[in-house]
1. How much mean residue ellipticity at 222 nm does chain A get from its helices, if each DSSP H run of length 4 or more adds -39500 (n - 2.57) and you divide by all residues, to the nearest 500 deg cm²/dmol?
2. Tell me, what HN-Hα J-couplings in whole Hz come from the Karplus equation 6.51 cos²θ - 1.76 cosθ + 1.60 at θ = phi - 60° for each residue of the stretch A:534-539, using x for Gly and Pro?
3. Would you work out the relative contact order for the stretch A:456-574, in percent, from Cα pairs under 8 angstrom that are 6 or more residues apart?
4. If the limit is 32 Å between Cα atoms, which of B:146/B:208; A:46/B:84; B:84/B:163; A:132/A:198 go over it?
5. For B:60, A:513, which order do you get if you count the other beta carbons within 10 Å of each Cβ and list the fewest first?
6. In square nanometres, what is the average projected area of the Cα convex hull of the protein assembly as shown?
7. Need one number: nm distance between label points at residue B:33 and residue A:632, each 7 Å from Cα along Cα→Cβ, rounded to one decimal.
8. How much FRET efficiency would the formula 1/(1 + (r/R0)^6) give for residue A:190 and residue A:546, where r is the Cβ-Cβ distance and R0 is 30 Å, rounded to 0.05?
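Just so it is clear, none of the values below were taken in a lab; they were calculated from the coordinates. What you see is a predicted model; the values in this text were computed from it and never measured. So basically every Cβ, Gly included, is an ideal-geometry build from the backbone, and we count neighbours across all protein chains shown.
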Amino acid sequence: MNKRATRVLLTCMCLSALLALSLTREAESAPPPAPAPTKAAPAREKTLDDYRHFRIATIDLTGRMPTREELAAFESPEFDYDAFVRAHLIGPGYSERLTRIYMDLLRLEPNVNFATTPAQLLRHEIIGPDGKPEWIYYREGQRRAREEVDGEFCLSPAETGVPIRPRMRTNEADSKKPVPKKALEDATVLVKPWWLYKDYDAQAPERRYQATWNDADPEYRPVEALVTGVDGKPVIHVRVCREEAQETENGHILTTGKTKQPPKLPGSRVRPLVLDSGYAQKHKGEPVACASKLALTSAADCGCGKGLARCVPGDSDQNGPAAFYFPNHTPLGPQEPIDSARQQAQRWFPHWWAREALAFLEDLFGEDRDFREILTGRHTFVNGPLAQFYGSVQRGNCCGPETGFGMTEEGEPLFDPHKVPADLRPHDTGTWRLVPDRGPHAAGILTMPMFLEKYASARARGALLYNAFLCKSFVADSSAQLTPSTEPNLMKRPGCSTCHATLEPLAAYFARVEPGSFVFLPQTLFPVQNAVCKKDKNGKMNGSCTALYDPAFADNTGATLRSAYGSPAHADATPAGAAHEIAESPEFASCAVERVTSSFLGRQTTPDDAPMLAELTQDFKKHGYKMRVLVAEIMRSPQYRRSNNLSGDAWRGGTDGGAGAPKGPPPVENVHGGSMGGAH
Amino acid sequence: MSRASSASTLAFVIASALSVAPIGCAREIPLKVQAAQAADLVPQDTVLQDTSHKEPPRMVPPEVYMRTYLTLFGGLSPLDAQKKARGGDGGNVFDSWNDYIASLGFPDYHVDIPRQMQTNALMVATFERLGVALCDRAVEHDLKSKIPVPVASRVIFAFDVPKGSTLPEPEFLPRYDVLHRTFLGYPARLGPDGRSRRFYALYTEIVKDQASALKAGQKLRFAPEEEGWAAVCYALVRHPEFHLY
């Protein structure tokens with residue numbers, strides 16, 4: 001028989017085995033074996049069920065099957081099951097095992113891109129004065145003092161030969177021309193940026209990536225196009241539009257005095273001028289934080305900071321410019337990736353948001369913290385990219401319609417930028433620091449960007465809480481005959497109320513966190529009932545109000561904050577209020593116990609398990625909601641030993657007529673093919 | 001048969017049936033209930049009913065499968081194991097983990113795909129491909145290395161394999177036990193009756209076939225006795241008991 005034929009034969013055998021196995025699953029078995037003492041009696045020879053129990057425990061605690069050496073230790077008369085469990089409740093396999101239970105529920109990995117315009121540096125290729133191509137970094141919408149290029153690329157079409165703007169595809173080859181040296185020097189500067197220099201914030205940065213900076217974190221890998229120049233040589237410095245290279249923390253509101261488009265656009269400008277907004281006219285010359293979104297659109301004296309540290313590079317100005325390599329999949333955890341892919345700049349921060357959530361969960365279980373902290377904990381862990389994000393990039397996520405209410409920059413962010421460790425640099429991907437308190441509104445995973453972006457609406461956030469942490473589901477009332485309704489209150493509308501009477505008050509907890517975002521709307525500027533947003537004589541609300549307040553719950557006296565109508569009190573309680581209510585509810589502990597027990601037993605719990613669950617819940621609460629105690633109790637329980645209790649003999653088909661064996665003739669085993677009764 | 005002819009056949013059958021059937025209803029037979037002396041019911045037998053929950057073994061989580069696989073590969077990282085599994089054969093033996101993670105049943109939280117809790121045909125095929133890669137590379141590492149690998153350092157075949165001969169059953173069994181423990185987690189003696197015998201038959205048949213092929217001038221990657229052990233490895237690494245717990 002040749003090798004290929006052998007493989008085909010063995011495949012058939014395995015498929016047959018699985019088929020036979022699925023059939024024997026239906027078989028009834030005799031009463032379960034009596035629970036063995038947790039400490040194996042030295043004199044007794046180990047049975048197949050003993051080995052099976054040990055294999056299950058090893059899989060649950062180490063995340064892999066037992067090795068030959070571990071089996072040998074198990075076979076030793078001195079083997080102590082309790083000691084084995086205790087020893088492995090502190091390993092990485094244990095925390096990974098528990099994290100998996102909650103990651104399966106929460107699925108905290110991103111399918112989102114995130115790019116705040118103020119933080120995204122784009123790149124375009126021009127022809128330099130010497131006729132050679134050259135790259136220039138710029139930001140979309142950057143305000144500039146020069147009218148011809150205000151809000152545009154810093155060199156005019158007359159200087160480059162073509163208009164340059166993001167995502168524009170033109171045939172530039174024919175019309176591009178060398179940029180005059182003076183124009184280039186006036187409009188741009190050379191910078192040693194953070195993604196190339198470890199010491200980018202030094203007076204004269206020297207430690208260049210892959211040159212004198214050879215110990216970069218393994219997870220920090222810029223794409224080749226960022227470290228290699230257009231001439232194929234290593235990049236020493238990058239050319240950046242002058243405004244983007246500014247380092248100041250604060251700028252000033254710019255006004256041009258133009259509120260209408262002139263009959264003729266200045267110079268070679270092809271797009272309309274940026275006109276003075278109402279806000280700019282009112283606040284002319286006032287200071288503005290350069291990290292804010294307002295600074296990009298209202299200040300010509302704000303840039304990306306020292307070493308461009310407030311911005312993230314992209315290798316083009318087309319859709320989805322690339323920036324870094326990182327894995328698409330890490331099925332065994334971040335330390336063991338299975339690939340490394342060239343990724344878009346917009347995926348950089350979402351990648352680290354997911355890692356933050358994972359680090360939080362692994363710490364929660366690894367350090368055996370009070371499980372309620374999954375919702376109530378104000379701490380978190382950040383590395384370099386997250387420090388960059390929380391320290392400056394997230395500030396650029398605000399503010400648009402909020403400026404109409406007087407909020408030009410987040411006043412009460414969910415993660416206070418001042419709490420970011422100062423010593424973390426954007427490329428410190430492998431250095432994680434504990435942040436003991438993110439701020440007064442922090443609430444476990446509920447206020448992490450990963451959670452808020454994954455569950456973008458207030459209702460999605462509320463529903464997840466209800467399901468994952470209270471083990472409850474929404475079941476629609478199908479008995480009522482529905483009639484068309486214009487009732488905006490879903491807690492009252494027939495057919496909706498059965499679910500929404502519960503869901504809307506839960507969703508209200510998230511009314512102060514903008515949907516699809518993590519901008520926090522403080523109570524002082526955004527009261528639940530806001531008279532400023534009343535409807536006018538035509539029944540309309542102004543633009544800023546429509547974005548944040550609900551026209552369906554507005555009248556001529558005011559409007560209700562979006563998602564808050566279910567419970568104004570909950571809206572003011574914020575996600576932290578939800579965390580406390582859920583964590584203190586009686587169902588929280590029982591739900592956690594049920595989820596973990598079910599996972600370890602490998603099946604749904606049934607009414608037969610109620611006494612065990614009640615006892616475990618009581619102990620779980622008594623021991624301060626510590627998972628380690630819970631898991632140890634589960635693993636010592638007879639139910640755990642009997643889990644998947646169709647014993648080896650039974651599911652094999654019962655050739656020895658043992659305790660677990662179903663009656664009937666034993667199936668034929670044939671290693672050369674045919675039915676194997678579940679085994680070779 | 002056409003619709004018209006089937007209709008006429010049906011009419012004929014009904015008519016025939018009516019012609020032989022008795023006309024009217026059967027005669028009523030009056031029921032007679034005999035009085036008996038009142039007494040307690042006498043228990044006839046006692047049946048013990050086991051109402052405890054029964055569950056068959058479940059699928060090993062894909063994380064556990066992959067981590068075990070890497071451990072069997074010598075404790076390598078996924079990317080190193082991939083490189084080693086591909087060896088000089090490109091994608092003929094092993095493609096890439098990215099090609100396998102979905103079929104192994106891993107969840108994909110990015111797009112909310114839950115983990116697979118049951119096997120399917122594609123998953124079984126993946127188990128086969130990965131298993132064959134593991135066993136082939138293990139033969140290369142443990143048995144074919146230019147510098148012989150000490151038994152203690154062998155990843156799978158932690159026993160000596162005498163060259164050029166088929167082992168007699170008593171010598172086969174302790175070696176088979178090593179593999180049985182490695183993959184299934186218990187000694188071969190606790191396996192079902194006849195399993196060891198069948199594995200020995202498989203081993204001898206493969207060694208014999210490969211020896212014949214070699215004699216016939218066929219070029220083989222492994223020696224016949226190595227092929228025999230590789231076949232035992234293939235069978236165990238894809239065994240349902242390996243994938244369930």
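1. Value at 222 nm, helices only, nearest 500: -10000 deg cm²/dmol.
2. Once θ is set to phi - 60°, the couplings for the stretch A:534-539 become 5, 6, 7, 5, 8, x Hz.
3. In percent, rounded to a whole number, it is 28.
4. A:46/B:84
5. Neighbour counts put them in this order, fewest first: B:60, A:513.
6. On the way: hull surface 252.3 nm².
Here the figure is 63.1 nm², rounded to one decimal.
7. Inter-label distance under the simple model: 6.6 nm.
8. About 0.10, to the nearest 0.05.
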